[in-house]
Amino acid sequence: MDAAELVYSGVAAQARMIRDGEVSPTELVEACLDRIAALDPRLNAWRVVLAERALTEATQAEGRRGARDERPLLGVPLAIKDDVRVAGTSTAWGSSAHGGEVADDAELVARLRRAGAIVLGKTNVPEMTIWPFTESRTFGITRNPWDPSRTTGGSSGGTAAAVASGMVGAGTGSDGGGSIRIPSAWCGLFGLKPSRDVVPIAPHADAWQGLSVNGFLTRSVADSALLLDAVCDRSFAGAAAPPDRPLKVALSYRRLPGAAPWPKLDPEIRAATEAMATLLRSLGHEVVAREPDYGAGAFPQFLGRYLRGIKDDVDSMAHPDRLESRTLGMRRMGALWPASRVAALRRGEAALRDRIWASLQGADVLMTPAAATVAPPAGKWQGKGAFRTLNGVAGHVPYNPIFNATGQPAASVPSGLSRQGLPLAVQLVAPIGDDALLLSLAAQIEAAQPWAQRRPPVS
């Protein structure tokens, strides 16, 4: 098996091949490193590649395999988004404002290591993970392997580019307003934003006033289920199987009141979403049009927590004087939301969540487009200020942020390619705690119309 086939097989298959002796951890790490050397100069997915450490860890994994170690991710290399602590590295947050190297791993990384995974390196993010594109003054533009003139999305855009191009089998992401789902949608991957408190986020406790959670960007639903099973306190081992009953799926194109009405929904995305509804009906599910009752308070429920969360993170940086002016502009907006006002918003979260779901009249799952447009051009907002950038990007991704405010699980599921060959996707949302239901439905969709072996031009 050549390097591309090996990396594109995904982490579940890689773990099985290592366990069965079909490939060694060193061979797998070397395949990833070879592909990074060939592809990353065009894509800029990685902030740092820990090649020597990864090869040392691979040798150790080979010894453990020889001793019949049965850890689920033994010898599997992963990308870590650069907002998560990895011992012996700095956490740059897409900025030169960061501090020095840290001595310990974040809880998520520690659990991945205990499961046997190898940290291959850290992937690029926009400064302070603020934007749904991955560009920064310090580390440059991360480009989409489906079309390098376009953005990967963000803020987990470095991980998305690395996984989509086959530089690594999977990687971590975080999602405070769509940052797993948006790059997954624009790079043709599966990305689940878990329910709040399912995946550990320590030591970044209560990130973005409860909006942000950790998760993974993967090639397949089975890969996500394996990774979640390795790091969570509940089991997802059987989740990547079809639902055991027909589901009622609510279909909506409604944007959050107060969100930008432009750009309009791309007709190809609407057509792909309608095609997904047809597929779900063919699989025995009921799909009905429903418009969620978000209410007038939903938009500030997200916006206030998002802006205040940015202020909190900016204020924690070691060298705030090095931050981009646009980032400082976002901090100033965050300072307009006092802690007392944000606390009041958070007290209304449960009522908002109940209101939205009750308006779906018994639906098990809500389906929307994952984004309103295909991936926009890279550099589209370069040089723009905070307010202009915020208003410019919001209309491209109007369907994602509200479910960070409600804490519910939401997934981006590939739904085909546009006429230009760009990935399209739908978003699936479930009641809080029903992460396994989303994995199950997404696995059924994947079995009916597989996507994992699609390869972008830069691969």
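The strands (runs of 3 or more DSSP E) found wholly in the stretch 136-196 and carrying at least 2 residues that are surrounded by 24 or more Cβ atoms within 10 Å (Cβ to Cβ) and modelled with pLDDT of 95 or more occupy 170-175, 190-193. The residue that is nearest to V249 (Cα to Cα), among those in the stretch 267-302 that are hydrophobic (A, V, I, L, M, F, W, C) and part of a loop (DSSP other than H, G, I, E, B), is L283. Scanning the stretch 416-432 for residues that are of a type in the set (S, T, N, Q) and either within 17 Å of the chain's Cα centre (by Cα) or surrounded by 24 or more Cβ atoms within 10 Å (Cβ to Cβ) (or both) yields a count of 1. In the stretch 116-125, is there at least one residue being out of contact with any Phe, Trp or Tyr (no Cβ under 8 Å at 6 or more places or on another chain), surrounded by fewer than 17 Cβ atoms within 10 Å (Cβ to Cβ) and of a type in the set (A, V, I, L, M)? Among the residues of the stretch 116-125, not one is out of contact with any Phe, Trp or Tyr (no Cβ under 8 Å at 6 or more places or on another chain), surrounded by fewer than 17 Cβ atoms within 10 Å (Cβ to Cβ) and of a type in the set (A, V, I, L, M), which makes the answer no. Taken over the stretch 279-291, residues that are farther than 21 Å from E446 by Cα and either of a type in the set (S, T, Y) or out of contact with any strand residue (DSSP E or B) (no Cβ under 7 Å at 6 or more places or on another chain) (or both) amount to 1.
Evaluate the following for G116: is it more than 20 Å from Q382 (Cα to Cα) and part of a loop (DSSP other than H, G, I, E, B)? Yes, satisfied. Evaluating P398 against the criteria (1) in a helix (DSSP H, G or I); (2) buried (at least 19 other Cβ atoms within 10 Å of the Cβ); (3) out of contact with any Pro (no Cβ under 7 Å at 6 or more places or on another chain) leaves one unmet condition, (1).
Residues in the stretch 58-78 include at least one that is touching a strand residue (DSSP E or B) at 6+ places or on another chain (Cβ under 9 Å), modelled with pLDDT of 95 or more and within 16 Å of S174 (Cα to Cα).
Please specify each residue of the stretch 286-337 satisfying the condition of being among the charged types (D, E, K, R) and touching a residue at least 60 places away in the same chain (Cβ under 8 Å). Break it down into steps so the answer makes sense when it comes.
In the first step, residues of the stretch 286-337 are kept if they are among the charged types (D, E, K, R); the result is 286, 290-291, 293, 305, 308, 311-313, 315, 321-322, 324, 326, 331-332.
If the condition is that a residue be among the charged types (D, E, K, R) and touching a residue at least 60 places away in the same chain (Cβ under 8 Å), then R290, E291, D293, R305, R308, D312, D313, D321, R322, E324, R326 are the ones that fit.
Applying a threshold of 7 Å to beta carbon distances and a minimum spacing of six or more residues, or different chains, the list of pairs starting in the stretch 202-213 at a residue that is crowded, with 20+ Cβ neighbours inside 10 Å and ending at one that is at pLDDT 95 or above and aromatic (F, W, Y) reads W208/Y306; L211/Y306. Of the residues in the stretch 266-284, none is touching a Lys or Arg at 6+ places or on another chain (Cβ under 8 Å) and at pLDDT below 95. When F299 is tested against (1) under 30 Å from L189 (Cα atoms); (2) modelled with pLDDT of 95 or more; (3) not basic (K, R), exactly one condition is not met: (2).
Among the residues of the stretch 432-459, those that are part of a helix (DSSP H, G or I) and either over 26 Å from D229 (Cβ atoms) or not charged (D, E, K, R) (or both) comprise A436, L437, L438, L439, S440, L441, A442, A443, Q444, I445, A447, A448. Of everything listed in (1) among the basic types (K, R); (2) in a helix (DSSP H, G or I); (3) surrounded by 21 or more Cβ atoms within 10 Å (Cβ to Cβ), the single unmet condition for R47 is (2). Filtering the stretch 426-442 to residues that are more than 13 Å from R196 (Cα to Cα) and touching a Lys or Arg at 6+ places or on another chain (Cβ under 8 Å) leaves only Q427. Scanning the stretch 50-80 for residues that are surrounded by fewer than 18 Cβ atoms within 10 Å (Cβ to Cβ) and either among the aromatic types (F, W, Y) or under 28 Å from N144 (Cβ atoms) (or both) yields a count of 1.
Restricting to the stretch 433-453, give me the number of residues that are in contact (Cβ under 8 Å) with a residue 24 or more places away in the chain, surrounded by fewer than 18 Cβ atoms within 10 Å (Cβ to Cβ) and either of a type in the set (V, I, T) or more than 18 Å from P369 (Cα to Cα) (or both).
Of the stretch 433-453, the ones in contact (Cβ under 8 Å) with a residue 24 or more places away in the chain are 433-449, 451-453.
Applying the additional criterion that residues be surrounded by fewer than 18 Cβ atoms within 10 Å (Cβ to Cβ) yields 433-434, 447-449, 453.
Still in the list and also either of a type in the set (V, I, T) or more than 18 Å from P369 (Cα to Cα) (or both): 433-434, 447-448, 453.
Final tally of qualifying residues: 5.
For the stretch 410-431, check the following and say yes or no: at least one residue is assigned to a loop (DSSP other than H, G, I, E, B), touching a Gly at 6+ places or on another chain (Cβ under 6 Å) and either at negative phi or modelled with pLDDT of 95 or more (or both). Quick ask: steps written out before the conclusion?
Step one: filter the stretch 410-431 for residues assigned to a loop (DSSP other than H, G, I, E, B), giving 418-422, 430-431.
Cutting the leftovers down to touching a Gly at 6+ places or on another chain (Cβ under 6 Å) gives us none.
The answer is no; no qualifying residue exists.
Mind telling me which of the residues V23, V7, V102 ends up being within 28 Å of A207 (Cβ to Cβ) and out of contact with any Pro (no Cβ under 8 Å at 6 or more places or on another chain)? It is V102. Which residues, counting only those in the stretch 50-90, are over 11 Å from S24 (Cα atoms), of a type in the set (D, E, K, R) and touching a residue at least 24 places away in the same chain (Cβ under 8 Å)? Of everything in the stretch 50-90, those that are over 11 Å from S24 (Cα atoms), of a type in the set (D, E, K, R) and touching a residue at least 24 places away in the same chain (Cβ under 8 Å) turn out to be R53, E57, R64, D69, E70, R71, K81, D82, D83, R85.
If the condition is being crowded, with 20+ Cβ neighbours inside 10 Å, aliphatic (A, V, I, L, M) and in a loop (DSSP other than H, G, I, E, B), then the stretch 85-113 contributes V86, A92, A97, A106.
The values are calculated or read from the model by the stated rules, or taken from the named source; none is laboratory data. From a predicted model like this one, the values you see are computed outputs, not experimental measurements. All Cβ positions, even for glycine, are placed from backbone atoms using ideal geometry, and neighbour counts span all protein chains on display.
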